[in-house]
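Notes follow once the structure below has been shown.
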Amino acid sequence: MHPMLNIAVRAARNAGKVILRASEDLSRVEATQKGTNDLVTNIDKDAESIIRDTILKSYPDHAIVGEEFGHHEGKDADYLWVIDPLDGTTNFVKGIPHYAVSIALRVKGRVEQAVVYDPIRDELFTASRGQGAQLNNKRIRVSKSIELQGTVLATGFPFKQKHHMDAYLEAFKALFIHTADIRRAGSAALDMAYVAAGRVDGFFEIGLKPWDTAAGELLVKEAGGMVTDFAGGANFNRSGNIICGAPKLCQAIVKEIRPVLTESLLK
């Protein structure tokens, strides 16, 4: 295992322990609104703190950006860790056992290492650029689907951007009539990890943040998949609008949803 991936795994497992302990007594979890339909808990913050501490102990000059504490400037800005300490906070607060820790390392703007860790199932998804993707040290691959017929897709509702709901529902309908089913489980990091593992065939969502998708992007690509924006381009990090899956399936998804989306979602 690459030394930097090893540190990412250690950080994810340390955060997972914090999250697991808290999940045993949710009455002690303090949840507040940090934005419209956007919860944060003391556990998100505790988990992010332990991730930052673990990384900086080994790489004190690296930069970090996280969902809860923002940007930490490092002396060596070529190395940027992108972290979501608890992706699926609403699930966590409600006691729904489906959430994950997401950690990625960008080197000169390109994701080189990725970890998505599900502490409930003790499932560790990892990837190093050029080395493939693994689940608990076993190689994973995206599904072989080349068309929408018979597929199961994952998605997330635009709950923070409800002004896009009409366009989203049109896209949902355009895809749903061709698929076997569509799932909405509440953690984009796990959705993308599940695409990498072939558990779901593809994934699409509006308005995600870099810490939601950075690790999943490398997992999917190293598992043989593709990650695009809604126009089939590579602007997903800026727009937050993302599609992933096997390459031909991504093309099929783009083909179905482009005609029903607004111009702002195709940028």
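Using C-alpha pairs below 8 Å separated by at least 6 residues, the relative contact order for segment 128-267 is 30 percent. Full extension of the chain between residue 110 and residue 159 yields a length gain of 14.8 nm, computed as 0.36 nm times the residue separation minus the alpha carbon distance.
Protection proxy ranking for 187-199, 61-73, using the average of other Cβ atoms within 10 Å per residue and placing the highest first: 187-199, 61-73. Cross-linked pairs 209/255; 45/173; 34/138; 34/162; 57/221; 57/138: Cα-Cα separations exceed 26 Å for 45/173; 34/138; 57/221; 57/138.
Modelled this way, with points 7 Å down the Cα-to-C-beta line, the labels at residue 34 and residue 173 are 3.6 nm from one another.
For the chain, the solvent-accessible area works out to 45 Å² per residue, with a probe of 1.4 Å and every protein chain left in place. Once the Cα atoms are used to define both axes, helix 165-176 deviates from the longest principal axis of the chain by about 70 degrees.
Apolar share of the accessible surface for segment 60-125: 47 percent from carbon plus sulfur atoms, 1.4 Å probe. Per-residue ellipticity at 222 nm, computed for the chain from helices alone with -39500 (n - 2.57) per DSSP H run of at least four residues, works out to -10500 deg cm²/dmol. Spacing of the modelled spin labels on residue 166 and residue 122, each 7 Å from Cα toward Cβ, amounts to 5.1 nm.
In the chain, the longest principal axis of the Cα atoms and the axis of helix 247-257 are about 60 degrees apart. To the nearest 10, the accessible area of residue 211 is 50 Å² with a 1.4 Å probe. Rounded to the nearest Å, what's the spacing between the alpha carbon centres of segment 131-149 and segment 195-225? Just the number, please. Centre-to-centre (Cα) distance: 11 Å. Using the beta-carbon distance between residue 21 and residue 147 and R0 = 45 Å, what value does 1/(1 + (r/R0)^6) give for FRET efficiency, to the nearest 0.05? It comes to 0.50.
Which percent of the accessible heavy-atom area of segment 185-253 goes to carbon and sulfur, probe 1.4 angstrom? After summing per-atom areas, the C and S share lands at 49 percent. A 1.4 Å probe over all protein chains sorts 238, 141 by accessible area into 238, 141, starting with the largest. Computed on segment 13-135, with alpha-carbon pairs under 8 angstrom and 6+ residues apart, the relative contact order is 18 percent. May I ask for the angle, rounded to the nearest 10°, between helix 210-222 and the longest principal axis of the chain, with both axes built from Cα atoms and the value confined to 0 to 90°? Once rounded, the angle reads 70 degrees.
The values are calculated or read from the model by the stated rules, or taken from the named source; none is laboratory data. Source: prediction; values computed, not measured. So basically every Cβ, Gly included, is an ideal-geometry build from the backbone, and we count neighbours across all protein chains shown. To get the accessible areas, we keep the full protein, side chains included, count just its heavy atoms, and leave off ligands, DNA and RNA. Shrake-Rupley method; radii C 1.70, N 1.55, O 1.52, S 1.80 Å.
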